[in-house]
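Q: Please find one structure pasted underneath; my questions will follow.
Nothing in this text is a laboratory measurement; each read-out follows from the coordinates by a stated rule. Keep in mind that what you see is a predicted model, and the values were worked out from it rather than measured. Cβ sites come from the backbone with ideal geometry, for glycine too, and all protein chains shown count toward neighbours.
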Amino acid sequence: MTDASDYAVGAVLEQRMDKRSHVIYYASKTLDAVQCNYSTTEKELLAIEFVLEIKDRKGYENSVADHLSRLVLDEEPLPISDSFPNEHLFHMQGEEPWYADFVNFVVTSTFPPLWKLCSHQVIRRCVPNNEIHFILAHCHSYACGGHFGPKRAVGKILDSGFYGETLFRDAHGFCKGCERCQRIGNISRRNEMPQMPMIFCEVFDIWGMDFMGPFPSSFGFNYILLVVDYVFKWVEAKATRTNDAKVFVGFLKSNIFSRFGIPRAIISDQGIYFCNRSVEALMKKYGVHHRVATTDIEYERRTDNGLWWLRKGKYFGRSSCSKVVRLSVHC
């Protein structure tokens, strides 16, 4: 049998057995650009020409087909039995409550609720308590686990066809106790240490400060020391030649302590110009609490976005309340 379409021709070879046709060979070919222009009749004739070519071969040259035609199967295949003797169920671990449901189903045809968890009514293989740890280790810690969270581990166990009465609780406990996850895993937002925001109520009580730069040199100045008040968002800035502890301590004495009074606290990052013995001695002398942020995110939170807002933007001369204020610049 042959057939043709606009882009290909196909054929099948059939053999009749007991007055029924059985397909024994398939053939097909894609038409090239010239053959696609043939008419429908020419394409059908092309299919007939393509499909069959009869060649006579001598008997001694056709040994493979001759052997296959005379091959006899010595053994008769035995039918596969899917039956499971009930006696095997009764010999299982009697102390495990899981298997009581199997026995009850065999004896009284009682279908337990545990076997009807899926919408398609798939019977899950229940895992005894002494094997759940081994399965959790395979689905979480081994090569196929990947040290994912408890939800992903439970999903892998369910996809494998297993189930346990306390599976979700066991998975959470196993993942929390995994040594590798404790060492290299990220800390979730739930388990993070709580932030301790600064409580302020007076103007100029708390200052946030940072160095900006280096910038292209202008009259020998390469940096800007920037400080901002927590409440009023008052900004003080000074152009400096270097960013070191001596410049920072001198700026605090001459521009902050002498003009605005001794603050309750100052906030800075972990720069060496802020965290050193000179600054520590100054803070101890005047009773100022120095808070150091360990990350940019923590620094941004503790400074209430005020200093970060001034560093990243061009809003000199404005407060966060859209009120025009004077920017005090010291050169």
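Q: For each of His290, His133, count neighbouring Cβ atoms within 10 Å of the residue's Cβ, then give the residues from fewest to most. List each step's numbers first, then the result.
A: On the way: His290 15, His133 12.
With the sparsest Cβ surroundings first, the list reads His133, His290.
Q: Modelled label-to-label distance, His133 and Asn37, 7 Å Cα→beta-carbon offset: nm?
A: So the label points at His133 and Asn37 sit 7.9 nm apart.
Q: On full extension of the chain, what length is gained from Glu75 through Asp18, given 0.36 nm per residue of separation minus the C-alpha to C-alpha distance?
A: Extending this stretch completely gives an extra 18.0 nm.
Q: Could the peptides 258-265, 212-219, 246-253 be put in order, highest first, of the mean number of other beta-carbon atoms found within 10 Å of their residues?
A: Descending mean neighbour count gives 246-253, 258-265, 212-219.
Q: Say R0 is 56 Å: what FRET efficiency, to the nearest 0.05, do Tyr7 and Thr108 get from their beta-carbon distance?
A: Computed FRET efficiency for Tyr7 and Thr108 comes out at 0.30.
Q: If you bin every alpha carbon distance in region 2-52 into 10 Å steps from zero, what whole percent lands in each bin?
A: 27, 44, 21, 8, 0
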